[in-house]
Amino acid sequence: MITVLTGGAFIGGELLLTGCKNEPAMGGAVFNAEDVTFLDEVADTILPTTSSPGAKAAKVGQFMTVMVNDTYDEKDQKIFHEGIGKLNEAAKKANGKSFLEATPEQRTSFLTALDKEAKDYQKGKKKEDPTHYFTMMKQLTLFGYFTSKEGSTQALRHVAVPGQ
């Protein structure tokens with residue numbers, strides 16, 4: 001009887017843990033470790049380390065993957081995931097090397113040009129047109145950074161208990 005209960009606890013626990021894995025419910029994009037590293041570098045180019053920690057220190061890349069998988073619909077997940085490849089290909093065309101191989105100055109000038117492209121796209125898009133992938137990345141970078149411990153306590157004026 002003890003063996004049955006103990007075995008049931010192990011098997012039941014494994015079944016429970018397997019069922020609780022954070023898989024995208026909508027069958028959207030699947031991110032790997034390379035994608036997280038890539039997103040961290042993009043985010044760190046947008047919000048680099050200065051007197052306060054940068055986006056990479058706040059683990060914004062991992063935050064982006066969670067937000068995309070858990071809150072974006074399937075269409076936007078696909079746009080975001082494909083945007084990683086598009087961004088890297090555009091960086092290769094602009095600089096002759098991938099985004100991760102580019103120098104910080106090349107990354108900054110490339111993302112500045114891409115941001116202008118995304119803004120121009122947003123101005124001319126119809127309501128039913130999808131959002132530009134870089135706009136999604138930039139919004140998630142800002143949201144992830146300023147809601148992280150590093151961003152909220154070291155980059156913003158953080159008062160643990162406001163008032164006197």
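The values are calculated or read from the model by the stated rules, or taken from the named source; none is laboratory data. Quick caveat: nothing in here was measured; it's all calculated off a predicted structure. Here the Cβ is made from the backbone with ideal geometry for all residues, glycine too, and neighbour counts use every protein chain on show. Surface accessibility is based on the protein's heavy atoms, side chains included, excluding ligands, DNA and RNA. Shrake-Rupley method; radii C 1.70, N 1.55, O 1.52, S 1.80 Å.
Given the criterion assigned to a helix (DSSP H, G or I), open to solvent by 90 Å² or more (accessible area, probe 1.4 Å) and under 24 Å from A58 (Cβ atoms), identify the matching residue among E117, E150, E105, E89. Let's see the steps before the verdict.
Details: E117 fails: under 24 Å from A58 (Cβ atoms); E150 fails: open to solvent by 90 Å² or more (accessible area, probe 1.4 Å); E89 fails: under 24 Å from A58 (Cβ atoms).
When all the criteria are applied, what remains is E105.
Every residue, every condition in (1) within 16 Å of H81 (Cβ to Cβ); (2) open to solvent by less than 90 Å² (accessible area, probe 1.4 Å); (3) outside any loop (DSSP other than H, G, I, E, B), yes or no:
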| position | (1), (2), (3) |
| --- | --- |
| K123 | no, no, yes |
| F134 | yes, yes, yes |
| Q154 | no, no, yes |
| V161 | no, no, no |
(message) So, F110, is that one surrounded by 20 or more Cβ atoms within 10 Å (Cβ to Cβ) and on the phi < 0 side of the Ramachandran plot or not?
(response) no
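If you take the residues in segment 31-45 that are of a type in the set (A, V, I, L, M) and surrounded by fewer than 22 Cβ atoms within 10 Å (Cβ to Cβ), which one is farthest from Y72 (Cα to Cα)?
To start, the set of residues in segment 31-45 that are of a type in the set (A, V, I, L, M) comprises 33, 36, 39, 42-43.
So of that shortlist, the ones also surrounded by fewer than 22 Cβ atoms within 10 Å (Cβ to Cβ) come out as 33, 36.
Working: A33: 20, V36: 17 Å.
Restricting to residues being of a type in the set (A, V, I, L, M) and surrounded by fewer than 22 Cβ atoms within 10 Å (Cβ to Cβ), the top hit is A33.
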(request) Output the qualifying pairs, or none if there are none: Cβ atoms under 7 angstrom, residues six or more apart or on different chains, first residue in segment 143-164 and within 18 Å of D44 (Cβ to Cβ), second residue of a type in the set (S, T, Y). (result) F146/S152; G151/Y145; Q154/S52; A155/S52
(request) Report yes if some residue within segment 22-39 is among the polar types (S, T, N, Q), under 15 Å from T141 (Cβ atoms) and modelled with pLDDT of 95 or more; otherwise report no. (result) no
(message) Exactly one of these conditions fails for L100: (1) part of a helix (DSSP H, G or I); (2) open to solvent by 30 Å² or more (accessible area, probe 1.4 Å); (3) in contact (Cβ under 8 Å) with a residue 60 or more places away in the chain. Give me its number.
(response) (1)
